[in-house]
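Asks: Please find one structure pasted underneath; my questions will follow.
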Amino acid sequence: MGNISIIVRLKSPDPAAMTAMSTFRRIYPETCPDSLERYDYWCFLNPCLGRETVSGIVSRYHDIVNPNKQTWSFIDEFSKPVDRSDDRMVWIDVRVTDRVDSVSENWTAILRRNRCEVEGVLCSVLWRFGFASGISFDNARNRVLDLTVSTRRDHGLLANPVSQKIDLPAPLLI
């Protein structure tokens, strides 16, 4: 069986995304995205029964998904993007993962201790940048890298390459 990934989103507006967007508008008005979304990204490594195992874990552990505050969905990172309902936007996804990831290690230990049939868990933050359709994909991607990766004190905001891994995955089916 392969890995199964989910994304978790707050039902209310996300304060981290709102703060980041406000900062982008103030500091980088010329490269600021038109939309910014933040998700918790969970990848379950080789769950025994696939999506059924992951659904059981999500329903049991409200620290992963609190049904009162959050929504979640499966994602497929290997399929081609499908026609989106909002085709006026160019979306670029960035996944930020701590290099020393105690959250993933702790959740892997918890699930193993409780005999959940997964090899492990990887936790990340997924940022989705949306740009108006007049921008090229390459230009949008370059803007996202400039906005995301901290290369000096006054450049980049969402990820420190010294302590975090930055992935620009293929477009996700969200």
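Laboratory data are not the source of any read-out in this text; all were calculated from the coordinates shown. Nothing here was measured: the structure is a model prediction, and the numbers come from that model. FYI the Cβ positions are ideal-geometry reconstructions off the backbone, even for glycines, and counts take in every protein chain you see.
Asks: Answer yes or no: is there a residue in region 146-166 that is of a type in the set (D, E, K, R), surrounded by fewer than 17 Cβ atoms within 10 Å (Cβ to Cβ) and within 28 Å of Arg60 (Cβ to Cβ).
Replies: Within region 146-166, not a single residue is of a type in the set (D, E, K, R), surrounded by fewer than 17 Cβ atoms within 10 Å (Cβ to Cβ) and within 28 Å of Arg60 (Cβ to Cβ).
Asks: Considering only residues that are within 19 Å of the chain's Cα centre (by Cα) and of a type in the set (Val, Ile, Thr), look in region 12-56 and name the one that is nearest to Phe131 (Cα to Cα).
Replies: Top of the filtered list is Thr19.
Asks: Pairs needed: first member in region 126-150, closer than 16 Å to Thr23 by Cα; second member anywhere, basic (Lys, Arg) and part of a strand (DSSP E or B); C-beta distance under 6 Å; at least 6 residues apart or different chains.
Replies: Every condition considered, the pairs that remain are Trp127/Arg38.
Asks: Still on this structure: Checking Gly134 against (1) assigned to a loop (DSSP other than H, G, I, E, B); (2) under 17 Å from the mean Cα position of the chain (by Cα), only one condition comes out false. Which one?
Replies: It is condition (2) that Gly134 fails.
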